1. Consider Ile28 against the criteria (1) open to solvent by 30 Å² or more (accessible area, probe 1.4 Å); (2) touching a helix residue (DSSP H, G or I) at 6+ places or on another chain (Cβ under 7 Å); (3) within 21 Å of Ile209 (Cβ to Cβ): it satisfies all of them except one. Which criterion is unmet?
2. Restricting the first residue to the stretch 26-43 and requiring it to be under 12 Å from Ile112 (Cβ atoms), which pairs with a second residue that is at pLDDT 95 or above and in a helix (DSSP H, G or I) meet a Cβ separation below 6 Å and a spacing of at least six or different chains?
3. Of all residues in the stretch 53-74, which are open to solvent by less than 70 Å² (accessible area, probe 1.4 Å) and among the small types (Gly, Ala, Ser)?
4. Only residues that are part of a loop (DSSP other than H, G, I, E, B) and more than 15 Å from Ile58 (Cα to Cα): list them for the stretch 7-28, please.
5. For Ser50, only one of the following conditions fails: (1) closer than 25 Å to Pro205 by Cβ; (2) over 13 Å from the mean Cα position of the chain (by Cα); (3) among the hydroxyl-bearing types (Ser, Thr, Tyr); (4) buried (at least 22 other Cβ atoms within 10 Å of the Cβ). What is its number?
Amino acid sequence: MKKFDRLSIVVLATTEKKTLIETVDTLINSCSAEDISEIIILMVSDSCPSAEIADEIIRNNRSSVPISRRIQKTPGLYPAVFEAPKLVSGCSHILIIGSDLEMDPASVPAMIKAAKKNPDAIICASKFMKGSYRENYGVFHYICNRAVNAAVGLILHIKGTELLSTFQIYPMELYNRMNFTSETRSYYEYTMRPLAMGEKYIEIPTDYIRRTEGESNYNLKRYIDLGTTFLKTALSERKRLKAIRKK
């Protein structure tokens, strides 16, 4: 890829209301309109709590950045991550961001700046690297996250402080080369496959505030289930890469 040529932003929403408005407002006000191709609000259904808010945002949009709403074909985070790239147009890169403000939309201009300098790279905003800030993120969550991240790094022989987050500016050209199929079951493949294949990966610091709108289900059982899935995916990607290299 020769250069960065605008970014499409897909904002995931289900129950968010106030934070959905704040997410879109921050993106519009902090990013240069010349850098943004579109903002798509991707929701689980027309009847979800965020739907009415999305319509309000679209009606009140006075910026030059087009804002639209789409409905997922299949509910859930995993399908959303793989449906999103098929919805965008007029861009060289895509960013998927939640609307609960855990992922700081104010970090996007810095991510765009990094993407312009490194258009072939994945740009990830990390809440763990030097210069980042975390709020309401307890010791339990920190230890669980760090342990899983370290294990995935060892399996795939890669380094990084935030290997499992989808808060990334992702080159569309790279996405198309990853050969994701209908058999893809986990969004972790979206983050792990390019890393396992040695694609360039750059982290920048971001602020992280654990969500207050909605309920968090990240208890010990949830972390065990997620950790198991992360590790299975990492092992699967390593096996897949070895098979490719043998051909």
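The values are calculated or read from the model by the stated rules, or taken from the named source; none is laboratory data. Note that this is a predicted model, so its numbers are computed, not measured. Positions of Cβ are backbone-derived with ideal geometry, glycine not excepted, and every protein chain shown enters the neighbour counts. All accessible areas refer to the heavy atoms of the entire protein, side chains included, with ligands and DNA or RNA removed. Shrake-Rupley method; radii C 1.70, N 1.55, O 1.52, S 1.80 Å.
1. (2) is the only condition that Ile28 fails.
2. Leu27/Pro105; Ser30/Ala106; Ser30/Pro109; Cys31/Val108; Cys31/Pro109; Asp35/Ile112
3. Ala54, Ser63, Ser68
4. Step one: list which residues in the stretch 7-28 are part of a loop (DSSP other than H, G, I, E, B), which gives 14-17.
Residues satisfying the conditions are Thr14, Thr15, Glu16.
5. Here Ser50 meets the rest and fails (1).
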